[in-house]
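Asker: Structure provided below as structure tokens; questions to follow.
The values are calculated or read from the model by the stated rules, or taken from the named source; none is laboratory data. Note that the structure is predicted; figures quoted are calculated from it, not measured. Neighbour counts are summed over all protein chains in view; Cβ atoms, including those assigned to glycine, are modelled from backbone coordinates with ideal geometry. These area figures cover heavy atoms from the full protein model, side chains too; ligands, DNA and RNA do not enter into them. Shrake-Rupley method; radii C 1.70, N 1.55, O 1.52, S 1.80 Å.
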Amino acid sequence: VIPHAVENFDDVTLEANQCLDCHGAANYQKKKAPKVGDSHFVNRDGQKLPEASAGRHNCNQCHVPQIDAPALVDSEFK
């Protein structure tokens, strides 16, 4: 879950990914943001890369924005 608003973000394209402006390896410390997970820097052949793998470039494919809405079902998960 993405714990902040993303409605004013640009769409993720092959050329640009606004998420990496804060969460990429080059900027996360300056922006005081969590770094993209280490698994995002490994390609499908198992090679470690200096930048996020192209297969992990589309953040919204797996991560969704958090919304302020009531839970659909009750949960006692701790």
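Asker: Condition (residue is in contact with a Phe, Trp or Tyr (Cβ under 6 Å, 6 or more places away or on another chain) and part of a loop (DSSP other than H, G, I, E, B)) applied to region 32-51: is it met by at least one residue?
Answerer: Within region 32-51 (the criterion being in contact with a Phe, Trp or Tyr (Cβ under 6 Å, 6 or more places away or on another chain) and part of a loop (DSSP other than H, G, I, E, B)), the answer is yes, since at least one residue qualifies.
Asker: Just checking, which of Pro50, Pro70, Pro34 is in contact (Cβ under 8 Å) with a residue 24 or more places away in the chain and either of a type outside the set (Gly, Ala, Ser) or open to solvent by less than 80 Å² (accessible area, probe 1.4 Å) (or both)?
Answerer: Of the residues listed, the single one that is in contact (Cβ under 8 Å) with a residue 24 or more places away in the chain and either of a type outside the set (Gly, Ala, Ser) or open to solvent by less than 80 Å² (accessible area, probe 1.4 Å) (or both) is Pro50.
Asker: For region 40-69, which positions are at pLDDT below 90 and basic (Lys, Arg)?
Answerer: Arg56
Asker: While we're here: For the structure I just gave you, tell me whether Ala5 is of a type in the set (Gly, Ala, Ser), open to solvent by 60 Å² or more (accessible area, probe 1.4 Å), touching a residue at least 12 places away in the same chain (Cβ under 8 Å) and part of a loop (DSSP other than H, G, I, E, B).
Answerer: The answer is yes for Ala5.
Asker: A further question follows. Glu15: assigned to a loop (DSSP other than H, G, I, E, B), surrounded by 13 or more Cβ atoms within 10 Å (Cβ to Cβ) and charged (D, E, K, R), yes or no?
Answerer: No.
Asker: Continuing with this model, one more query. In region 1-39, which residue that is more than 15 Å from His57 (Cβ to Cβ) and of a type in the set (Asp, Glu) is modelled with the lowest pLDDT?
Answerer: Glu7
Asker: Do we have Arg44 as surrounded by 14 or more Cβ atoms within 10 Å (Cβ to Cβ) and not polar (S, T, N, Q) here?
Answerer: Against the criterion (surrounded by 14 or more Cβ atoms within 10 Å (Cβ to Cβ) and not polar (S, T, N, Q)), Arg44 does not qualify.
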